[in-house]
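Please treat every number below as a calculation from the coordinates, not as lab data. Quick caveat: nothing in here was measured; it's all calculated off a predicted structure. Quick reminder, even Gly has a Cβ in these numbers, built from the backbone with ideal geometry, and neighbours come from all protein chains shown.
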Amino acid sequence: MGHRLAGFVIVASALAAGACGDDPLGIPRATSLEWAGSAERTGLAGVPLADSVVVVARGPDGPLAGVVVSFTASAGGAAAPAFTVTNADGRAATLWTPAEGPDSVIATANGPRAVLRGEGTIASASTIHRGRNNYIEYRAGTLPIVVSAPHGGTLLPDEIPDRTAGVTVRDRNTELLAEAVAAALEARLGGRPHLVVSYLHRRKLDPNREIGEAAGGDPRAEHAWWEFQNLIEHAQARVVESHGTGLYLDLHGHGHPIARIEWGYLLDGDALALSDEILDQAPWPTRVSIRRLVADNAATLSELLRGPDALGSLLEDEGFPGTPSDVQPGPGVAPFFSGGYNTRRHGSADGGPLSGVQIEAPFPGVRETAATREAFAAALAKAVDRYLQRWY
């Protein structure tokens, strides 16, 4: 892609104003604000910095607690929370997601203000970006393919409480499967896919859910959630810059009775039970996660779902049965995963630039051992190669 990782250089400056004492509402008023920590950092545009940025409010006698601080990003980035209150050490923190190019975040406290300036950069093809505490990892690539693995992580940090809602069982070995798939795609296509992996156990974070259920309200888990989602979007932006469009693959594991690949295009078993003639008519082509691919090709939706050149059919040719495909057009009455939050958010159902699919792999014969993972990855790489040649 030829992009340079120049770094994210931050320069801090503080402007003091106002008077000491409390305002009429009894809220402490600071005489100055200053940024804590290093004045230089590195980061990626559109991705939260690994550490929160921290401002210190001071009064005549030193750090001041209870000061209301607002944070504003000035050039298209984001700061969250936008409002907070300083702690006993006079500190207030926000999570800063810088925009590409020059950006800054401004802290204000009823008079005093502090400006943190920097420049958001983009990943080069050799970038390996690790988020806060190495919970989330992004390996930049050169192919028009983004691979993610949200549910295979094993890390159980004490700082993040266990989730109490939703599924908490991990998709065993899917993080290893994602790495095998990335290696096989590179061997087959001569370039690397973009790869985003969560190494947090699903008890701590579920990146395939909206943020409330995903993180359970814990700010550290929310930080990791934003990193995961924004790194996928950063990767997709690089694909659009270099190729115009591409393919998003979200890797999962299932334990259903039938050990086959389940391809999730946001269509459930009832929808896949419909005839090709019905599926090819409105509204179905606009409801799927490969909506962009349908629009870009002189093909019907049913061809892309279960025709001979559909992903399921191409992988079936390599010895890995799945549904939907030309052999198994739908799951019938058997349990079936149709695609989740990531497939909708990062596929093209809602107008995104990359078409996407959720790949649900069984444990036996696929995720089970290094040998089965490598065999599946090689077969998937061959199928994806043929798929790209046919539809892209």
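Can you list the HN-Hα couplings for the stretch 221-238, worked out from phi with the Karplus curve (6.51, -1.76, 1.60; θ = phi - 60°), rounded to whole Hz and with x for Gly and Pro?
5, 4, 4, 5, 4, 4, 4, 4, 5, 6, 5, 4, 5, 4, 4, 5, 4, 5
Compare the peptides 134-140, 383-389, 191-197 by average per-residue count of other Cβ atoms within 10 angstrom and give them in order, highest first. Provide the component values of the computation, followed by the final result.
Numbers: 134-140: 22.6, 383-389: 17.3, 191-197: 24.7.
The most tightly packed comes first, giving 191-197, 134-140, 383-389.
Would you pull out the residues with amide H under 5 Å of Gly66's amide H, same chain only if 5 or more places away, H placed 1.01 Å from N?
Long-range HN contacts for Gly66: Thr86, Asn87.
How far apart, in nm, are two points set 7 Å out from the Cα along the Cα-to-Cβ line at Asn87 and at Thr300?
For the pair Asn87/Thr300, the computed spacing is 6.1 nm.
Out of all DSSP beta bridges in the chain, what portion is antiparallel? Express it as a percent rounded to 5.
Details: 44 of 66 bridges.
So the antiparallel bridges in the chain amount to around 65 percent.
How much mean residue ellipticity at 222 nm does the chain get from its helices, if each DSSP H run of length 4 or more adds -39500 (n - 2.57) and you divide by all residues, to the nearest 500 deg cm²/dmol? Kindly include the intermediate steps, with their values, before the conclusion.
Numbers: 10 runs with 101 residues, N = 392.
Rounded to the nearest 500, the figure is -7500 deg cm²/dmol.
I want the antiparallel fraction of DSSP beta bridges within the stretch 41-166, as a percent rounded to 5. Walk me through the numbers before you get to the answer.
On the way: 27 of 29 bridges.
Just about 95 percent of them are antiparallel.
Can you give me the long-range amide H partners of Ser32? Hydrogens built in the peptide plane at 1.01 Å from N, cutoff under 5 Å, separation of 5 or more residues or another chain.
Amide H neighbours of Ser32: Arg58.
If you line up the long axis of helix 174-189 against the longest principal axis of the chain, both from Cα atoms, how many degrees apart are they, to the nearest 10?
That helix lies at roughly 70 degrees to the long axis.
Just want the answer: with Cβ charges of +1 for Lys and Arg and -1 for Asp and Glu, which residue in Leu274, Pro308, Ala82 is farthest toward the dipole's positive end in the chain?
Farthest towards the positive pole: Ala82.
Where does each of Val55, Val333 land when they are ranked from fewest to most other beta-carbon atoms within 10 angstrom?
Numbers: Val55 31, Val333 8.
Ranked by crowding around the Cβ, least crowded first: Val333, Val55.
Relative to the first principal axis of the alpha-carbon coordinates of the chain, what is the inclination of helix 370-391, with its axis defined by its Cα atoms, in degrees from 0 to 90 and to the nearest 10?
80
Which whole-Hz ³J(HN,Hα) couplings does the stretch 308-317 yield from phi under the Karplus relation 6.51 cos²θ - 1.76 cosθ + 1.60, θ = phi - 60°, glycine and proline marked x?
With the stated coefficients, the stretch 308-317 comes to x, 9, 6, 4, x, 5, 5, 6, 4, 4 Hz.
What is the dipole size for the chain, taken about its Cα centre, with +1 at each Lys and Arg Cβ and -1 at each Asp and Glu Cβ, in debye to the nearest 20? Walk me through the intermediate numbers first.
Details: 33 positive and 45 negative charges, 130 e Å.
With Lys and Arg at +1 and Asp and Glu at -1, about 620 debye.
Can you compute the modelled spin-label distance between Arg287 and Ala259, with each label point 7 Å from Cα toward Cβ, in nm?
So the label points at Arg287 and Ala259 sit 3.3 nm apart.
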